[in-house]
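Asks: Okay, handing you the structure first.
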Amino acid sequence: MPTLEEHEYLALMKRGQEAERAAQLAWTAGALTAAVTLSWAIGARSPGLMIPVVFAIATGFYGMLRGRQQARAVASYVVEFHEGAKSSQWFSRLGRLQGQPAYRVSGEWVTLCLANAGVVLALILAWMYAGAATRGDLMAGITTACGVLFGFHSVSETIRMEQTDWSAMWRSVSGDLKEAPRTGRAASW
């Protein structure tokens with residue numbers, strides 16, 4: 001009969017898979033929505049319809065980013081608290097493998113480049129269609145502002161996620177768990 005620790009390990013592995021799946025689904029949904037909206041905007045020659053393109057890309061990107069953050073948090077928790085000398089060592093060995101020079105996987109940077117390429121395309125088209133549309137310059141300007149904000153924030157979040165030592169975060173909160181006093185719990189709500 002599986003122990004409580006084995007049940008937790010299995011539940012964590014399932015949670016990690018669900019987080020990765022949710023990340024892929026969010027990115028795919030955002031990209032498809034952006035593609036459909038982009039085709040409508042091109043058909044209408046409307047710079048205002050480029051704004052939803054940027055938002056669709058951003059929504060898909062941030063959903064993907066959040067899912068990957070959760071998957072990394074789960075993986076680092078498993079490494080820190082479940083993987084040892086006598087147990088499975090998938091994530092520990094995967095971490096070592098990823099450190100090898102020959103191991104290259106397209107990851108966050110490819111997704112970041114694709115997302116920002118879609119935003120740049122929307123910005124270019126918004127300015128191309130700005131002259132013929134009513135308030136075209138305003139709509140193209142709003143599209144540009146949203147695109148620039150997304151570009152800076154997406155790069156900074158990707159850098160932050162890559163530089164985060166997830167295992168160190170779990171080590172900082174490890175130790176004996178104890179129940180918070182009643183007044184402390186009530187105040188935190």
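Asks: Does segment 17-24 include one or more residues that are more than 24 Å from Ser156 (Cα to Cα) and assigned to a helix (DSSP H, G or I)? Give the derivation first.
Replies: Taking segment 17-24 as the starting set, the residues that turn out to be more than 24 Å from Ser156 (Cα to Cα) are 17-18.
Filter again for assigned to a helix (DSSP H, G or I), leaving 17-18.
Among the residues of segment 17-24, at least one is more than 24 Å from Ser156 (Cα to Cα) and assigned to a helix (DSSP H, G or I), which makes the answer yes.
Asks: Whether any residue in segment 63-81 is modelled with pLDDT of 95 or more and more than 24 Å from the chain's Cα centre (by Cα) is what I want to check.
Replies: For segment 63-81, residues modelled with pLDDT of 95 or more and more than 24 Å from the chain's Cα centre (by Cα): absent.
Asks: Could you please let me know if Thr37 is among the polar types (S, T, N, Q), more than 17 Å from Thr111 (Cα to Cα) and touching a Pro at 6+ places or on another chain (Cβ under 9 Å)?
Replies: Details: among the polar types (S, T, N, Q): yes; more than 17 Å from Thr111 (Cα to Cα): yes; touching a Pro at 6+ places or on another chain (Cβ under 9 Å): yes.
Judged against the criteria, Thr37 is a match.
Asks: Taking segment 119-166 as the region of interest, how many residues are under 24 Å from Leu32 (Cα atoms) and hydroxyl-bearing (Ser, Thr, Tyr)?
Replies: Going through segment 119-166 one residue at a time, the tally reaches 5.
Asks: Do the conditions hold for Arg93, that is, is it at pLDDT below 70 and in a helix (DSSP H, G or I)? Reasoning before the result, please.
Replies: Details: at pLDDT below 70: yes; in a helix (DSSP H, G or I): yes.
Judged against the criteria, Arg93 is a match.
Asks: How many residues are open to solvent by 60 Å² or more (accessible area, probe 1.4 Å) and within 22 Å of the chain's Cα centre (by Cα) if we restrict to segment 119-165?
Replies: Adding up the residues that qualify gives 11.
Asks: Okay, moving on. Has segment 35-54 got at least one residue that is touching a Ser or Thr at 6+ places or on another chain (Cβ under 7 Å) and either free of Cβ contacts under 8 Å to residues at least 24 places away in the same chain or open to solvent by 50 Å² or more (accessible area, probe 1.4 Å) (or both)?
Replies: yes
Asks: Please give the number of the condition Arg68 fails out of (1) open to solvent by 50 Å² or more (accessible area, probe 1.4 Å); (2) touching a residue at least 60 places away in the same chain (Cβ under 8 Å); (3) touching a helix residue (DSSP H, G or I) at 6+ places or on another chain (Cβ under 7 Å); (4) charged (D, E, K, R).
Replies: Only one criterion is unmet by Arg68, namely (1).
The values are calculated or read from the model by the stated rules, or taken from the named source; none is laboratory data. Given the structure is predicted, the values throughout are model-derived calculations rather than measurements. Please note: Cβ atoms are built from the backbone with ideal geometry, for glycine as well, and neighbour counts cover all protein chains shown. Just the protein is used for accessible areas: all its heavy atoms, side chains included, with ligands, DNA and RNA removed. Shrake-Rupley method; radii C 1.70, N 1.55, O 1.52, S 1.80 Å.
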